[in-house]
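Engineer: First, the structure itself, so that you have it in front of you.
Here, each number is a calculation from the coordinates, and none is a lab measurement. Since the model is a prediction, treat every value here as computed from it, not as a measurement. Note that each Cβ is placed from the backbone with ideal geometry, even for glycine, and that neighbours are counted across all protein chains shown.
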Amino acid sequence: MGVIVGGGEIPYNEQARRVKEDNAANWVTRDPELKCFMPGVPRATYLPHPFQIIQSEDDFFIAYQFAGAVRDIYMDDPGPAPLDSWMGWSVGHWEGDTLVVEVAGLHDGTWLDRAGSHHSYQMKVTERYTMMGPNHIDYEATIEDPLVLTEPFTIKMPIYRRMEPNARIMDFRCVEFVEELIYGEYRRYPLPRD
């Protein structure tokens with residue numbers, strides 16, 4: 001995950017912290033990413049896979065390499081999300097040179113990271129994309145969730161443009177639990193196999 005602004009940890013309430021710790025202890029069988037589910041927002045942005053922002057005068061679209069995930073960012077607010085989804089419902093507007101995207105309607109089955117950091121269906125993410133130069137975006141995401149957090153928190157990280165010639169999103173075939181199948185025996189403490 002990006003760096004938590006101000007340092008520290010995700011401000012979970014006590015019950016949510018216990019769920020997070022249980023998730024962390026069992027991440028190999030619970031992490032939605034390892035099951036090839038859509039990563040959700042903001043996790044899709046900081047996975048180690050490329051993504052592409054496609055922009056026209058009136059529209060924004062983000063295509064992620066991982067799991068073929070995509071997002072439309074509606075610049076004309078069409079109202080609330082018709083139903084919850086893995087990548088949520090994104091509505092954007094400009095504040096000066098910063099694109100601000102409000103994301104709601106996120107399915108509560110996604111995680112924020114591999115450490116078991118979860119959220120509820122009430123999570124709202126406010127993303128801020130600020131161009132710092134032709135090849136560098138400052139990305140910030142403020143996460144609010146009254147069911148599991150004691151207060152909102154913000155993550156921040158730079159996003160860099162891929163500079164190699166003909167860089168593009170490739171077809172990514174996700175295979176459930178492949179990381180564990182390939183590298184599991186090389187862990188310091190391998191997981192027991194049935």
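Engineer: Treating the beta-carbon of each Lys and Arg as +1 and of each Asp and Glu as -1, no other charges, what is the dipole magnitude of the chain about its Cα centre, to the nearest 20 debye?
Structural biologist: Values: 18 positive and 31 negative charges, 157 e Å.
Using Cβ point charges on Lys, Arg, Asp and Glu, the chain gives about 760 debye.
Engineer: How big is D, in µm² s⁻¹, for the stretch 3-186 by Stokes-Einstein at 20 °C and 1.002 mPa s if Rh is the Kirkwood radius over C-alpha pairs? Display every interim value, and only then the final one.
Structural biologist: Working: Rh = 17.4 Å.
Estimated via Stokes-Einstein, D reaches 123 µm²/s.
Engineer: Further question on the same structure: Counting only other residues whose beta carbon sits under 13 Å from that of Asp72, what net charge do I get with K and R as +1, D and E as -1?
Structural biologist: Value of the local net charge: -3.
Engineer: For the stretch 111-167, what ratio Rg/Rh do Cα atoms give with a Kirkwood hydrodynamic radius?
Structural biologist: 1.11
Engineer: While we're here: Once you mark the trypsin sites (Lys or Arg not before Pro) that are in a DSSP loop and have at most 13 other Cβ atoms within 10 Å, what is the longest gap between them in the chain?
Structural biologist: Longest gap between qualifying sites, sites excluded: 1-160.
Engineer: Taking Cα atoms, how many degrees apart are the long axis of helix 14-25 and the longest axis of the chain, rounded to 10 and kept between 0 and 90?
Structural biologist: Long axis of 14-25 versus the principal axis of the chain: about 70 degrees.
Engineer: How much net charge surrounds Ile155 when only the other residues with a Cβ under 13 Å from the Cβ of Ile155 are counted, with Lys and Arg +1 and Asp and Glu -1?
Structural biologist: Residues close to Ile155 contribute a combined charge of -3.
Engineer: Viscosity 1.567 mPa s, temperature 4 °C: what is the translational diffusion coefficient of the stretch 60-102 from Stokes-Einstein with a Kirkwood Rh over Cα pairs, rounded to a whole number of µm²/s? All intermediate terms of the calculation are to be shown ahead of the outcome.
Structural biologist: Numbers: Rh = 11.4 Å.
D = 114 µm²/s.
Engineer: Still on this model: 222 nm [θ] for the chain, helices only, -39500 (n - 2.57) per DSSP H run of 4+, per residue, to 500?
Structural biologist: Estimated from H runs of four or more residues: -3000 deg cm²/dmol.
Engineer: Given the C-alpha centroids of the stretch 1-80 and the stretch 90-133, what is the distance between them in whole angstrom?
Structural biologist: Cα centres, the stretch 1-80 to the stretch 90-133: 8 Å.
Engineer: Please give the net charge around Val100, taking every other residue with its beta carbon less than 9 angstrom from that of Val100, where Lys and Arg add +1 and Asp and Glu add -1.
Structural biologist: -2
Engineer: What is the chain's relative contact order, in percent, from Cα pairs under 8 angstrom and six or more apart in sequence?
Structural biologist: Numbers: 370 pairs, mean separation 44.1, N = 194.
Relative CO of the chain lands at 23 percent.
Engineer: Calculate the FRET efficiency for Asp97 and Asp72 from the Cβ-Cβ distance with a Förster distance of 22 Å, rounded to the nearest 0.05.
Structural biologist: 0.50
Engineer: Looking only at the chain, where both bridge partners belong to it, what percent of the DSSP beta bridges are antiparallel (to the nearest 5)?
Structural biologist: The antiparallel fraction comes to roughly 95 percent.
Engineer: Starting from the Cα gyration tensor of the stretch 1-41, take the square roots of the eigenvalues, sort them a ≥ b ≥ c, and report rounded, prolate or oblate (rounded when a/c is under 1.5, otherwise prolate if a/b is larger than b/c, else oblate). Working shown, then result.
Structural biologist: Values: a/c = 2.44, a/b = 1.31, b/c = 1.86.
The shape class here is oblate.
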